[in-house]
Amino acid sequence: MADSLTISGYEAVIGLEVHAQLSTESKIFCGCRVEFGAPPNSLTCPVCLGLPGALPALNKKTVEYALRMILAIDGTVRLRSVFARKNYFYPDLPKGYQISQFDLPIGEGGEIAIPIPGEKRKKVIRLRRIHLEEDAGKSLHPESGEKFTRVDFNRCGVPLIEIVTEPDICSPQEAYAYLIKLKQILQFLGICTADMEKGHLRCDANISIRPIGLSKMGAKTEIKNLNSFKAVEKALAFEIEHQVQVLQSGGIIKQCTMLWDDKHQVAEPMRSKEESHDYRYFPEPDLVNLVVTEEWLNQVKATLPELPEIRAARFVRQYNIPEYDANVLTESRELADYYEKVMQNFGDGKAASNWIMTQLLKVINEEKAELENYHISPVMIAELLNFVQSGKISGKIAKDVFEEMVATSKTAGEIISSRGLTQISDDSLIREVIAKVLAENENNLKKYLSGKKQIFGHFVGQIMKETGGKANPGLVNKILQEKLDELAR
């Protein structure tokens, strides 16, 4: 897409608005429980249904979670912010307005750095604002055999932070990289699971194009209904191409809101795009101004966890692993925690990172399992790696043992003991096997002694076969080489 845009003489200007559902137990303005998948309309009360006389009361934890995010991205916390009513009609918005923040949000500024493929430097995406608001309900549109749209109000009042970027994103690929990084930060902070399948992270994209070198912004469209990061990437690519074609044919881009149809991979107009005055914002009369004291802010600062980039840098220093490994291991907080728990019982950082990245993650991805609750614990992985490091089993046998661990949930020690897999490190026994293999391979021995050194690997293979793969490979190579050098003299 970037190449086609360059040829066309246009560049893309993209801004993203992300709604992140905060992982609190209750809603933002009432005590109703927050739970995904509960029976429709079972988690409601007069407050979140907007019944006459019901008054909102702010959930303190939602404010603390918002503060965590603002501090994590080096934003500015507004010590006095204001809640506002955003007025619009949707069937799933029972009050006829949404409590949000408008001109005085709780957070402004900040930045998120994203990787640039093939380069060591990173690109900084500036953030415009972060504000608190409540979610609306959910309309369930007619399916086969149904006649009516149903409305589930469970989601009404669920706490959100809206994270709005400046128009610093220039391609669908950058948008994807930004969302990955944002998700990582939210998860490390422990304030949002960022599970898009459950609606915990939702993204709207604003896109316009302009001739390269021109500073004036073009007319923008907004794309909604983006239910995955890949959908964001595809929808942006589609709309960029569409806008280029419209302008090249002499047309005009009309500012509107688009819906992304993931099934047909197209974006279609839904309505003309609203401006802020369309919502007729005014201060929420039932809530006082939100005041954050310096003391409260310092308390929240003290609870901030180690963020991904800082933790990755520490992994490199503390465990002596490559930067690439550290970046993979800190892609999620659960994975980083898992690795550190392995290292509490094992001493080789690189061996642990190799095993987790190549063996454990492969199984996790194949099974679509959650690492946090997986039945192979960090202690079990550490035990297996210690058996390899001590020479009790070989790396090859360790892979077989791991397969059985995955299938049975047994520990490495139990499997090794029951199957008699302990590695053979007896010097005299290995010498006997080597003598037997060489005696049975006279022709190959003559070839080796005549200069065909590659046959060494064949001998090793035969020795391992003879011992059922249990001979210590390092010891086999050492003794075999000594024996062959002796015969060559």
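Quick note: the coordinates plus some simple rules give every number you see, no bench work behind them. Given the structure is predicted, the values throughout are model-derived calculations rather than measurements. Counting neighbours? That spans all protein chains shown, and the Cβs are built from the backbone with ideal geometry, glycine included.
Measuring against 29 Å, Cα to Cα, the residue pairs K181/K220; K122/K368; K230/K301; K350/K478; K61/K220; K61/K230 contain K122/K368; K230/K301; K61/K220; K61/K230 as the ones spanning a longer distance.
The local environment of S26, defined by Cβ-Cβ distances under 9 Å, has a net charge of +2 under the rule Lys, Arg +1 and Asp, Glu -1. Helix 229-248 and the longest principal axis of the Cα set of the chain meet at an angle near 60°. Computed from the alpha carbon atoms alone, the convex hull of the range 352-459 holds 141 Å³ per residue. Computed over the range 2-297, the convex hull of the alpha-carbon atoms projects to a mean area of 17.3 nm².
Between the Cα long axis of helix 333-343 and the first principal axis of the chain there is an angle of about 30°, rounded to the nearest 10. Remark: I125, I207, I310 ranked as I310, I125, I207, counting other beta-carbon atoms within 10 Å and listing the fewest first. Normalised by 2.2 N^0.38 Å, where N is the number of residues, the C-alpha radius of gyration of the range 306-419 stands at 1.04. Ordered by the count of other Cβ atoms within 10 Å of each Cβ, fewest first, K447, K216 give K216, K447.
Helix 172-189 and the longest principal axis of the Cα set of the chain meet at an angle near 80°. Counting neighbouring beta carbons within 10 Å and listing from fewest to most, the residues C45, C30, C156 come out as C45, C30, C156.
Secondary-structure-derived ellipticity at 222 nm for the chain, considering helices only, amounts to -12000 deg cm²/dmol, per-run term -39500 (n - 2.57) for DSSP H runs with n ≥ 4.
Temperature 37 °C, viscosity 0.692 mPa s: under these conditions the Stokes-Einstein estimate for the range 427-488, based on its Kirkwood radius over C-alpha pairs, is 287 µm² per second.
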